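Working notes for the structure below.
The values are calculated or read from the model by the stated rules, or taken from the named source; none is laboratory data. Please read these numbers as outputs of a predicted model, since none were measured by experiment. Quick reminder, even Gly has a Cβ in these numbers, built from the backbone with ideal geometry, and neighbours come from all protein chains shown. Just so you know, the surface numbers come from the protein's heavy atoms only, side chains and all, with ligands and any DNA or RNA stripped out. Shrake-Rupley method; radii C 1.70, N 1.55, O 1.52, S 1.80 Å.
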Amino acid sequence: MNRYKSLQQFLNPHFKEDEYQLAAITGDASFRRYFRVNTSDQSYIVMDSDPDKLDNTPYIELNKVFSQHGFKLPKILQADEKQGFFLLSDLGNTHLADLLGDEDRTLHYKHLIKLSAQWAQIPPAQYMKVFDGKFLQFELSIFRDWLVDNFIGEQLSADEQKMWQQACELLINNALEQPIVTVHRDFHSRNIMRTGQQWAIIDYQDAVQGPVCYDLVSLLRDCYFKLPEQELDYLLHYAYDEFSEQQLLQDTSFAMFKRWFDLTGVQRHLKAAGIFCRLKLRDGKSGYLNNVLPTLTYISNVSKEYPELTALGQWIEQTIIPQTKQRLTKESK
């Protein structure tokens, strides 16, 4: 029996078969699939998360953790853990991504910076991995394996190998020297929702213990939206003051905080660019390829501000971006 029929059987005890309609919701980068369940007077979300492909325990257990600390998340109303079907509350259709043209955009970001500072202070919990050196090295390898080796087929010279290793070491050390906090990991415009007068958080199941700047990078250097530099600078100063007030930073200058932020951004964007290519090559999802070049441009631009990243930035700008453009041109034909 296919999973769609099994999903309908999961719903049958909770809804009369002729009294609800199922509508697919697209756009998730994981193996999870989502549907909206519409009844005459209410709507719900049903999540199909095949346990043969995904471990659903962190989704369930961390839902309890974050909800207990006052964050608005989808409520798990019914679950069949063996089959991987979950009936969730419906948080609506409005994501932060839908509000980025608002005149209140800066105010939205300020509220979310405060929210991220509160999230960071949640005590460590089971199922939160630690963002250690091995974990960071693996994330960086996604760029090398999926974008460089597989997507554009670039062979690194001995000098480029050395440059890459030195850059990875620098970025890993930068992450490890920061205060360790609770990190969402994908705190960006597509995972933050506006429901009523509240901000709600989705896709929280990969939360870790990691560097204090990580979620701030996800928010302010979003792979899907580029903030104007002046606004970014204002919000970064605002975040520095907020994080200092919340005692997430101690004896940290703004210059150090900005360095942490920028280099964390380079690490995260290298991983993201690799993931966008992996989604295409492994999972057959080409919708994320449009985000590859903007993400590589982020890396190139930030690297120019740090002499120790000059070689990485030049390699990205002079080799990786041109070859990626060529591959993307072939993909579009």
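Taking the criterion of being polar (S, T, N, Q) and under 30 Å from residue 196 (Cβ atoms), would at least one residue in segment 145-152 satisfy it? First the steps, then the outcome.
Residues of segment 145-152 that are polar (S, T, N, Q), as a first pass: 150.
Now narrow it down to the ones that are under 30 Å from residue 196 (Cβ atoms): none.
Among the residues of segment 145-152, not one is polar (S, T, N, Q) and under 30 Å from residue 196 (Cβ atoms), which makes the answer no.
Tally the residues that are open to solvent by 30 Å² or more (accessible area, probe 1.4 Å), outside any strand (DSSP E or B) and among the polar types (S, T, N, Q), restricting the search to segment 12-67.
8
I'm trying to understand the selection: among the residues of segment 289-316, which are surrounded by fewer than 18 Cβ atoms within 10 Å (Cβ to Cβ), over 24 Å from the mean Cα position of the chain (by Cα) and part of a helix (DSSP H, G or I)?
Within segment 289-316, 307, 308, 310, 311, 314 qualify.
Name the residues in segment 160-209 that are open to solvent by less than 70 Å² (accessible area, probe 1.4 Å), part of a helix (DSSP H, G or I) and in contact (Cβ under 8 Å) with a residue 24 or more places away in the chain, would you?
Result: 160, 163, 164, 167, 168, 170, 171, 172, 174, 175.
Taking residue 227 and the conditions (1) open to solvent by less than 10 Å² (accessible area, probe 1.4 Å); (2) outside any loop (DSSP other than H, G, I, E, B); (3) over 14 Å from residue 116 (Cα atoms), which numbered condition does it fall short on, given that it satisfies the others?
(2)
Does residue 270 meet the test of being surrounded by fewer than 19 Cβ atoms within 10 Å (Cβ to Cβ), at pLDDT 95 or above, in contact with a Lys or Arg (Cβ under 9 Å, 6 or more places away or on another chain) and in a helix (DSSP H, G or I)? Before the answer, list the steps.
Numbers: surrounded by fewer than 19 Cβ atoms within 10 Å (Cβ to Cβ): no; at pLDDT 95 or above: yes; in contact with a Lys or Arg (Cβ under 9 Å, 6 or more places away or on another chain): yes; in a helix (DSSP H, G or I): yes.
So residue 270 does not fit the description; no.
Exactly one of (1) farther than 27 Å from residue 208 by Cα; (2) in contact (Cβ under 8 Å) with a residue 24 or more places away in the chain; (3) of a type outside the set (Ser, Thr, Tyr); (4) in a helix (DSSP H, G or I) is unmet by residue 110. Its number?
Among (1) farther than 27 Å from residue 208 by Cα; (2) in contact (Cβ under 8 Å) with a residue 24 or more places away in the chain; (3) of a type outside the set (Ser, Thr, Tyr); (4) in a helix (DSSP H, G or I), residue 110 violates only (1).
Among the residues of segment 116-140, write down those that are closer than 21 Å to residue 278 by Cα and either touching a residue at least 12 places away in the same chain (Cβ under 8 Å) or open to solvent by less than 70 Å² (accessible area, probe 1.4 Å) (or both). Walk me through how you get there before you give the answer.
Keep residues of segment 116-140 that are closer than 21 Å to residue 278 by Cα, which gives 134-140.
If the condition is that a residue be closer than 21 Å to residue 278 by Cα and either touching a residue at least 12 places away in the same chain (Cβ under 8 Å) or open to solvent by less than 70 Å² (accessible area, probe 1.4 Å) (or both), then 135, 136, 137, 139, 140 are the ones that fit.
Here are the criteria: (1) open to solvent by 60 Å² or more (accessible area, probe 1.4 Å); (2) assigned to a loop (DSSP other than H, G, I, E, B); (3) closer than 19 Å to residue 114 by Cβ. Tell me which single one residue 248 does not satisfy.
Result: residue 248 passes all but (1).
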